[in-house]
1. If R0 is 25 Å, what FRET efficiency do you get for residue 34 and residue 184 from their C-beta distance, rounded to 0.05?
2. Evaluate the distance, in nm, between pseudo-label points positioned 7 Å from the Cα of residue 177 and of residue 161 along their respective Cα→Cβ axes.
3. In nm, give the distance between the simple-model label positions of residue 135 and residue 147, each being 7 Å from the Cα along the Cα-to-Cβ direction.
4. Give me the tail of P(r) for segment 123-205 as a percent: Cα-Cα pairs with distance above 17 Å.
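Derivation of every value follows stated rules applied to the coordinates shown; laboratory data play no part. Everything numeric in this text was worked out from a predicted model, so none of it was measured. Cβ placement follows ideal geometry from the backbone for every residue including glycine, while neighbour counts extend to all protein chains displayed.
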């Protein structure tokens, strides 16, 4: 409902010569700097070139509602980028449902602040990241608990800080290949984040 018929009237000519991935990365940097106006222009360019690009669709969707709810869209942006790492097929639909309920006022508490996204997600076979950490802390065998939980259920991570903490835990327990896969996804989602460099440096130490 946000994307139909969207057209760009003013586009820097040089942007047309850039690859779709480059445009998305530049848009993501602008979004993280809360320059939603210019981020929207680039996301829209990418969407017009490829309407099937989910990152472009999400960028247009979130930038379009950003003027009314800046803090909320930043949180939703983190949710989407983390969700697609674990469940790429359903991440856009989950985000769209959250945005619709957010706009209708269903996701705000009595003080008007956004309710934690975890509480908005219903999953019969999922656990929150905090519950996941508790189970790991209670066990002396990380690998056994990690594999039993992670490969049999969904771990719901909605915040960037938790996502990076999760990757750091993988590195500490020598799950280097898996950590690198998640870092690769994080580089696309959060291209200017210093934490990515720190994680890569930690991998080098291993």
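1. Working: r = 25 Å, r/R0 = 1.00.
Rounded to the nearest 0.05, the efficiency is 0.50.
2. 3.3 nm
3. 1.5 nm
4. Details: 1633 of 3403 pairs.
Counting pairs separated by more than 17 Å, the tail of P(r) holds 48 percent.
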